[in-house]
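Participant: One structure coming up, written as structure tokens, with questions to follow.
Every number here is computed from the coordinates shown, using simple stated rules; none is lab data. Since we're looking at a predicted model, the values are computed, not measured. Note that each Cβ is placed from the backbone with ideal geometry, even for glycine, and that neighbours are counted across all protein chains shown.
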Amino acid sequence: MQDVRGKVAVVTGGASGIGRGMARAFAGAGMKVMVADRDAAMRDETVQGLRAGGTEAEGCNCDVADLASVEALAQATLDRFGAVHVVCNNAGIGVPTPTHKLNIEDWRWIIDVDLWGPIYGVKVFLPVMEEQGEGHINATSSLAGLFAAQMMGAYNVAKHGVVALMATLERDLRGRKSPVRASVLCPGPINTNISRHSVAYRPSKAKPKADGERSGRVAAGIQASLEAGMDPDEVGLLVLDAVQRDRFWVHTHPEMLRGVELQVQAMLDEQRLTKG
Ligand SMILES: NC(=O)c1ccc[n+]([C@@H]2O[C@H](COP(=O)([O-])OP(=O)(O)OC[C@H]3O[C@@H](n4cnc5c(N)ncnc54)[C@H](O)[C@@H]3O)[C@@H](O)[C@H]2O)c1
């Protein structure tokens, strides 16, 4: 899909951070944009910002963990714009907790949003795009989808699932010569409010369980790296480029893939798991 001008993009979690960066990048390339998010205030602000720049933009209340809500998003997009060319399954949350302390409610919440969200997005939007004869489906995974670091058990499981989902999808699509392409975004640290939003949305009333001083240090390290991270608008431009060039992998910090490489090497050489 080289030429995106006039085409329609849907971005879940589009009201903040990386999703808003994608919405801005698509708008900058002349696309019409549907901003899907569960937060009304951030959603309205983002849509107003896009409209002020001359973009045809709309907002839609959507909970990606709810299939009916994702179906309603597809319908609202078709009603408003008459087509859907690019879908970014980006909404996500995460809380750092040691795996043995993660309660079942948190496991379900994180898997529901971070993995079932993209699964619903593929299930609902793929038939629309195939019928239309063109389209591109992206999903936001993470470096956590390629390397399972400590303290992020449910998040790692969901994000590894997203990489598997999109890689299988792309191979299936190519295998049957579908006109639709798939890609996956694996960001490193990006400067967003994901930590604050995740704490606010967390349904469990139980306090997230830390594991003494060590887990406090790991959580503080994650937060510091987010604050020093890449500008989300830059990430949006990388996703736009991948859509325009039909590239599968979208990496924000390719140098951090060295950890993945070392892990594979240690597995092959010594059946050993590297530190992380
Ligand atoms: N920030 C990072 O360093 C980083 C790194 C790797 C991957 N990611 C991934 O990037 C994606 C975007 O995160 P971000 O960092 O921009 O965070 P963010 O909190 O700034 O943006 C996420 C958006 O998703 C929305 N959202 C949350 N749950 C939702 C739900 N159930 N339904 C609909 N919308 C929902 C939030 O309201 C918010 O607007 C996530 O999938 C996250 O896991 C982020």
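Participant: Looking at region 24-58 only, could you name the residues that are closer than 30 Å to ARG108 by Cβ, under 18 Å from the mean Cα position of the chain (by Cα) and of a type outside the set (A, V, I, L, M)?
Facilitator: ASP37, ARG38, ASP39, ARG43, THR46
Participant: Would you call TRP116 more than 27 Å from ASP3 (Cα to Cα), in contact (Cβ under 8 Å) with a residue 40 or more places away in the chain, under 13 Å from the mean Cα position of the chain (by Cα) and surrounded by fewer than 22 Cβ atoms within 10 Å (Cβ to Cβ)?
Facilitator: In short, yes.
Participant: Now for a separate question. List the pairs whose first member sits in region 10-21 and is more than 6 Å from the ligand (Cβ to nearest atom), whose second member is of a type in the set (Lys, Arg), and whose Cβ atoms are under 9 Å apart, counting only residues at least 6 apart or on separate chains?
Facilitator: Matching pairs, first to second residue: VAL11/ARG20; GLY14/ARG20; GLY14/ARG43.
Participant: Follow-up. Looking only at helices (runs of 4 or more DSSP H) that fall completely inside region 142-256, which ones have 1 or more residues that are without any contact (Cβ under 8 Å) to a residue 60 or more places away in the chain and either out of contact with any strand residue (DSSP E or B) (no Cβ under 9 Å at 6 or more places or on another chain) or within 12 Å of the ligand (Cβ to nearest atom) (or both)?
Facilitator: Counting at least 1 such residues, we get 153-175, 194-201, 212-227.
Participant: Can you tell me which of (1) under 22 Å from VAL33 (Cα atoms); (2) part of a helix (DSSP H, G or I); (3) of a type in the set (A, V, I, L, M, F, W, C) is the one MET267 doesn't meet?
Facilitator: It fails just one condition, (1).
Participant: Next up: Taking region 125-142, which residues are of a type outside the set (D, E, K, R) and surrounded by fewer than 21 Cβ atoms within 10 Å (Cβ to Cβ)?
Facilitator: The answer is LEU126, PRO127, VAL128, GLN132, GLY133.
Participant: Please enumerate the residues belonging to region 86-113 that are under 10 Å from the mean Cα position of the chain (by Cα) and within 25 Å of SER178 (Cβ to Cβ).
Facilitator: CYS88, ASN89, ASN90, ALA91
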